[in-house]
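> Before I ask anything, let me first share the structure, which is written out below as structure tokens.
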Amino acid sequence: MKKNYVFGALIAAIALVFAACSGSSRMAKSTSTRVDLATSVRFIPSIANLEVQPSHVTATLHASDLESLKAEEMKQTLVAKALATVNGDLMLAPRFTTEKGADGKMVSMTVTGYAAFITSFRPMAEADVYEEVGKELAQNHPTDKLALNTMTVADVEYTTKKTITLSPADLVGKNEETALKLAKERMLRQEKMDVLYGVQYSMKNENGSLTSFTMTAFPGKYVNYRQTTLLEQKLLQPGTKPVVKFKTIAADIQPVSARVQKKYGTNNAQAKESELKETARNTVLTQNKADFLLNETFYFDRAEKVITHVTICGTPAIYANFRPLKADEVVDVKLVPIAGDEQEKPKSFFDIFKKK
């Protein structure tokens with residue numbers, strides 16, 4: 001019965017093929033398309049929960065075991081051997097040591113680290129995203145898993161500006177560099193501080209010798225040592241050296257006159273458009289005691305491909321009402337003057353997708 005069924009199905013298939021080729025056949029087309037799961041569906045990354053053994057595991061390989069291996073392969077083999085002693089899955093903070101003979105050739109290599117075991121898997125959650133910061137703080141090698149230290153941070157507490165003046169006796173045999181170094185050291189010692197910010201100094205030099213030296217600075221000390229969270233690290237980006245950032249200063253824009261239009265001769269046939277723009281702009285700003293021009297535009301007159309005149313148009317304006325930027329203030333970035341000739345124009349929604 002089974003053979004007859006298979007044979008009948010085969011005859012039916014052949015009949016369909018011939019029917020499709022005949023002129024009187026009817027053929028139906030389907031508009032459905034195949035969906036490839038691997039490329040059409042995105043997957044949430046998985047998190048592997050680890051349990052780390054508190055004691056070290058170690059393994060050693062000798063030269064005879066290593067001679068045919070590359071450096072990275074040596075490490076992989078050592079880690080695998082060490083983990084095999086406890087049936088571990090990963091090694092954290094591996095430390096490799098090499099023993100060499102009198103001839104400088106490798107005798108053996110040893111790895112020491114912490115074995116970790118995968119206890120479970122789960123989908124990554126929003127809170128896990130912050131752990132990606134840890135990966136940015138350490139250099140992860142392809143075959144090494146690094147154990148990250150919790151980060152200790154400290155605040156810097158600055159005092160008011162201080163001044164120190166070196167005496168003539170302090171300046172004997174000193175040049176500018178050595179006098180500055182002495183002034184910094186003395187201020188830190190006198191104020192019992194750790195760091196200086198905003199160092200400025202003035203000096204007098206007569207006949208090649210320093211006769212006076214005065215320095216001002218804001219001394220600061222390290223306070224409030226503590227551990228940070230990954231979110232704080234991402235937001236604050238603490239570094240190994242004290243950094244001072246400034247509060248954003250906002251200002252209103254205030255026109256000082258009506259729109260002006262000025263035409264200037266170039267007097268220089270070789271001048272570039274950018275140079276002519278800068279000269280015309282500076283002239284108008286100086287004449288109007290302004291900081292920048294609103295809606296600045298330029299026109300050029302040419303004769304035989306040479307620029308003879310430049311015309312500048314715009315509304316002179318100044319900054320007014322300087323103040324710290326408030327959290328709820330809206331900043332109009334289109335009006336922020338940009339140094340240099342070219343000013344970036346605001347992009348429309350569609351410009352973002354245009355290829356350059």
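The values are calculated or read from the model by the stated rules, or taken from the named source; none is laboratory data. Fair warning: this is a prediction, and the values are worked out from it, not measured in the lab. Here Cβ is always computed from backbone atoms with ideal geometry, including for glycine, and neighbour counts include all displayed protein chains.
> Based on what the data block shows, is Phe121 modelled with pLDDT under 90, in a strand (DSSP E or B), of a type in the set (A, V, I, L, M, F, W, C) and more than 33 Å from the chain's Cα centre (by Cα)?
In short, no.
> Separate question: Please state which one of Thr216, Thr211 is without any contact (Cβ under 8 Å) to a residue 60 or more places away in the chain, out of contact with any Leu (no Cβ under 8 Å at 6 or more places or on another chain), under 30 Å from Thr163 (Cβ atoms) and among the polar types (S, T, N, Q).
None of the others qualify; the one that does is Thr216.
> May I pose another question? Pull out all pairs, ordered by first then second residue, where Cβ-Cβ is under 8 Å, the residues are six or more apart or on different chains, the first lies in the stretch 175-187 and is surrounded by fewer than 18 Cβ atoms within 10 Å (Cβ to Cβ), and the second is assigned to a helix (DSSP H, G or I).
Within 8 Å, the pairs are Leu182/Asp170.
> Here's another thing I want to ask about it. Is it true that Gln139 is at pLDDT below 80 and either part of a helix (DSSP H, G or I) or not hydroxyl-bearing (Ser, Thr, Tyr) (or both)?
Considered against the rule, which asks whether it is at pLDDT below 80 and either part of a helix (DSSP H, G or I) or not hydroxyl-bearing (Ser, Thr, Tyr) (or both), Gln139 comes out as yes.
> Taking the stretch 101-113, which residues are out of contact with any Gly (no Cβ under 9 Å at 6 or more places or on another chain) and surrounded by 12 or more Cβ atoms within 10 Å (Cβ to Cβ)?
Listed by number, the residues that qualify are Met106, Ser108, Met109, Thr110, Val111, Thr112, Gly113.
> Take the residues in the stretch 213-262 that are at pLDDT below 75 and charged (D, E, K, R); name whichever of them is surrounded by the most Cβ atoms within 10 Å (Cβ to Cβ).
Here the residue is Glu232.
Conditions tested, residue by residue: (1) surrounded by 10 or more Cβ atoms within 10 Å (Cβ to Cβ); (2) modelled with pLDDT under 80; (3) in a strand (DSSP E or B).
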site: Ile312; (1), (2), (3): yes, no, yes
site: Ala320; (1), (2), (3): yes, no, yes
site: Asp328; (1), (2), (3): no, no, no
site: Val331; (1), (2), (3): yes, yes, no
site: Lys355; (1), (2), (3): no, yes, no
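> Which one of these is modelled with pLDDT of 90 or more and either on the phi < 0 side of the Ramachandran plot or outside any strand (DSSP E or B) (or both): Leu78, Leu92, Leu50?
Going through Leu78, Leu92, Leu50 in turn, just one is modelled with pLDDT of 90 or more and either on the phi < 0 side of the Ramachandran plot or outside any strand (DSSP E or B) (or both): Leu78.
> Give the residue that is surrounded by the most Cβ atoms within 10 Å (Cβ to Cβ), with candidates limited to residues of the stretch 57-73 that are over 14 Å from Glu99 (Cα atoms) and modelled with pLDDT of 90 or more.
By that ranking, first place goes to Val57.
Rundown of residues vs (1) modelled with pLDDT of 90 or more; (2) touching a helix residue (DSSP H, G or I) at 6+ places or on another chain (Cβ under 7 Å), yes/no style:
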| site | (1), (2) |
| --- | --- |
| Thr110 | yes, no |
| Val129 | no, no |
| Thr152 | no, no |
| Leu188 | yes, no |
| Tyr201 | no, yes |
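> Additional query: Tell me yes or no: at least one residue of the stretch 264-281 is among the charged types (D, E, K, R) and part of a strand (DSSP E or B).
Scanning the stretch 264-281, I find no residue that is among the charged types (D, E, K, R) and part of a strand (DSSP E or B), so the answer is no.
> Evaluate the stretch 263-273: report whether one residue or more is of a type in the set (A, V, I, L, M) and touching a residue at least 40 places away in the same chain (Cβ under 8 Å).
no
> Then there's this: Collect the residues in the stretch 188-212 that are surrounded by 12 or more Cβ atoms within 10 Å (Cβ to Cβ) and either outside any strand (DSSP E or B) or aliphatic (A, V, I, L, M) (or both), keeping them in residue-number order.
Listed by number, the residues that qualify are Leu188, Glu191, Met193, Asp194, Val195, Leu196, Val199, Met203, Leu210.
> Of the numbered conditions (1) closer than 23 Å to Met187 by Cα; (2) under 33 Å from the mean Cα position of the chain (by Cα), Met203 satisfies every one except a single condition; which is it?
For Met203, the failing item is (2).
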